[in-house]
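J.: I'd like to ask some things about the structure below.
None of the figures in this text is laboratory data; all of them are computed from the coordinates on show. What you are looking at is a predicted structure, and each value in this text was computed from that prediction instead of being measured. Don't worry about glycine lacking a Cβ; one is built from the backbone with ideal geometry, like all the others, and counts go over all protein chains shown.
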Amino acid sequence: MKKIIDSPAAPEAIGPYSHATGFDQLIFTSGQLPVDRATGAVAEGGITGQSIQSLENLKHVIEAGGGTIDTVLKTTCYLADINDFAAFNAVYADIFQSDCPARSCFAVKDLPLGVLVEVEAIAHKA
């Protein structure tokens, strides 16, 4: 049965969606934007600062579903500018240091709130 997952540490959804849903042992996250829950503001620091915040929000959501960053099976990453790929990759490599999940990374025309990055994942419970 589907379970709605909400993380009090991640920013509130800006539309009609959940932070994540769970089914059996799987966690499916919504895309996490680089918004600071405490301030409601987009993270400063360009692609590096925004990547850190998006991945931190992703971690909070996965943990709320009973997983960890080490249980991530697949990520999908959206960049507003493919020229930010190397800088995003540097931050991503700090989070996923070994046994990296499968990943797709796309440059897209626009992202909500004019942000530079959005990341979603599929994980399993720890």
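J.: For the stretch 70-119, which residues satisfy the criterion of being acidic (Asp, Glu), surrounded by 12 or more Cβ atoms within 10 Å (Cβ to Cβ) and out of contact with any Cys (no Cβ under 8 Å at 6 or more places or on another chain)?
T.: Residues of the stretch 70-119 that are acidic (Asp, Glu), as a first pass: 70, 81, 84, 94, 99, 110, 118.
After this cut, where a residue has to be surrounded by 12 or more Cβ atoms within 10 Å (Cβ to Cβ) as well, the list is 70, 81, 84, 118.
The answer is 70, 81, 84.
J.: Consider residue 38 against the criteria (1) in contact (Cβ under 8 Å) with a residue 24 or more places away in the chain; (2) over 14 Å from the mean Cα position of the chain (by Cα); (3) within 21 Å of residue 15 (Cα to Cα): it satisfies all of them except one. Which criterion is unmet?
T.: All conditions are met except number (1).
J.: For the stretch 95-126, which residues satisfy the criterion of being among the acidic types (Asp, Glu) and assigned to a strand (DSSP E or B)? Walk me through it before giving the result.
T.: We begin by selecting, within the stretch 95-126, every residue among the acidic types (Asp, Glu); these are 99, 110, 118, 120.
Matches in the stretch 95-126: 118, 120.
J.: Moving on. Provide a single number: the residues in the stretch 95-119 that are of a type in the set (Asp, Glu) and more than 14 Å from residue 50 (Cβ to Cβ).
T.: Our first condition is that a residue be of a type in the set (Asp, Glu); within the stretch 95-119, this holds for 99, 110, 118.
Narrowing further to those that are more than 14 Å from residue 50 (Cβ to Cβ): 99, 110.
Residues that pass the stated criteria total 2.
J.: Let me ask something additional. Is it true that residue 54 is part of a loop (DSSP other than H, G, I, E, B), touching a residue at least 12 places away in the same chain (Cβ under 8 Å) and among the polar types (S, T, N, Q)?
T.: On the way: part of a loop (DSSP other than H, G, I, E, B): no; touching a residue at least 12 places away in the same chain (Cβ under 8 Å): yes; among the polar types (S, T, N, Q): yes.
Judged against the criteria, residue 54 is not a match.
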